[in-house]
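**Student:** Here it is: the structure, laid out below.
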2 protein chains.
Amino acid sequence: MKISNLTDLLAHTLEDVYFAENKVLKALPKMAAAADSKDLAKAFTSHLKETETHVARLEEVFAMMGKKPKATPCPAILGILDEAEELIKDIKDADTRDAEMIASAQAVEHYEITRYGTMISWAKELGLKKVAAALEKTLKQEYACDQALTKIAEQRLNREAVA
Amino acid sequence: MKISNLTDLLAHTLEDVYFAENKVLKALPKMAAAADSKDLAKAFTSHLKETETHVARLEEVFAMMGKKPKATPCPAILGILDEAEELIKDIKDADTRDAEMIASAQAVEHYEITRYGTMISWAKELGLKKVAAALEKTLKQEYACDQALTKIAEQRLNREAVA
């Protein structure tokens, strides 16, 4: 894809994030299965459902821009998920593994937060109000997911302090 | 490195972030040279100096934990920087390239923000107050850098609107 202007760059980033969300969709069931804490497993399962809506919303945004949905491999998300998978496999202690899984999931959330934030500002710059509004819905959910993970991390700490 | 508990996990993440900060140190002069906007080039150059202090601070934290500084390859930062380098090379229009460079730099900042945030919470959990305090200094600067980049993105938009 040749990138000559901001519209091209937005389309490219959409393809990048479409790839990333689809990868996350495949990673979440594995993370839910590997979680020791029931709350953490539940958070991953509920974020899986949200991620399905994010993928569908991206498909709507492609349509708004007169484009077909396309996934362009995103080395950033591959790196984040590779790192997570390797660590999850290597850590035998369940509580330490949960701590790492929360951290990895927050790294994924922050990647999505920065990309959605950028796409929203570009869409506004380009006068694509409907695109910006759709992406803002997803951004809010990504922020909420990050905060929910922070809460679970705090619960993990309290549980451990009591144990 | 065998990770058996939270102390090991914190040490591993320190090595991961030490690798990441050193990679960023090498990437920033290239980004400053490629920037069209003088403000953006200046922001990259000033963040380079900050990054040097972040590396030195990580070395102090290794010492606080009785460890020698070590860099463990971090696939996440490699992915983020690879993606950035490829796009910067491919985009010929200077203004569009600046927009992408701001976005890439913000992706790097968000990766660092999530990792420092995680390390601070683990250090507190482990009662390592000095470690947490040192890492908090860096986290504040990463947030400030992210905000500075948002301002430059807004200036870029205003400049373009005037042109």
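The values are calculated or read from the model by the stated rules, or taken from the named source; none is laboratory data. Since we're looking at a predicted model, the values are computed, not measured. In this analysis, Cβ positions are derived from the backbone assuming ideal geometry, glycine residues included, and neighbour counts consider all displayed protein chains. When the accessible area is computed, the model is the full protein with side chains, heavy atoms only, and any ligands, DNA or RNA have been set aside. Shrake-Rupley method; radii C 1.70, N 1.55, O 1.52, S 1.80 Å.
**Student:** Rounded to the nearest 0.05, what FRET efficiency do B:Ala144 and A:Asp95 give with R0 = 30 Å and r taken as the Cβ-Cβ distance? Could you check?
**Tutor:** For R0 = 30 Å, the calculated efficiency reads 0.35.
**Student:** Could you work out the helix-only [θ] at 222 nm for the protein assembly as shown, with each DSSP H run of four or more residues adding -39,500 (n - 2.57) and the total divided by the number of residues, to the nearest 500 deg cm²/dmol?
**Tutor:** The per-residue figure over the protein assembly as shown is -30500 deg cm²/dmol.
**Student:** Turning to a different aspect of this structure: Please list the radius of gyration and Dmax for the protein assembly as shown, considering alpha-carbon atoms only, with Å as the unit.
**Tutor:** Both quantities, over Cα of the protein assembly as shown: 19.5, 64 Å.
**Student:** Specify whether the C-alpha gyration tensor of chain A places it in the rounded, prolate or oblate class, a ≥ b ≥ c being the square roots of the eigenvalues: rounded for a/c under 1.5, otherwise prolate if a/b is larger than b/c and oblate if not.
**Tutor:** Prolate, since a/c reaches 1.5 and a/b exceeds b/c.
**Student:** Further, regarding this structure: Local charge sum around B:Phe62 (other residues, Cβ-Cβ under 9 Å, Lys/Arg +1, Asp/Glu -1)?
**Tutor:** Residues near B:Phe62 contribute 0 overall.
**Student:** Rolling a 1.4 angstrom probe over the protein heavy atoms, how many square angstrom per residue are accessible across segment A:1-112?
**Tutor:** On a per-residue basis, 42 Å².
**Student:** Given a 10 angstrom Cα cut-off, can you work out which residue in A:Ala33, A:Ala84, A:Ala11 is the most mobile in a GNM of chain A?
**Tutor:** Its mean-square fluctuation being the largest, the pick is A:Ala33.
**Student:** Here's something else I'd like to know. If the cut-off is 16 Å between C-alpha atoms, which lysines fall inside it for A:Lys67, apart from same-chain ones fewer than 8 positions away?
**Tutor:** Correct list for A:Lys67: A:Lys2, A:Lys130.
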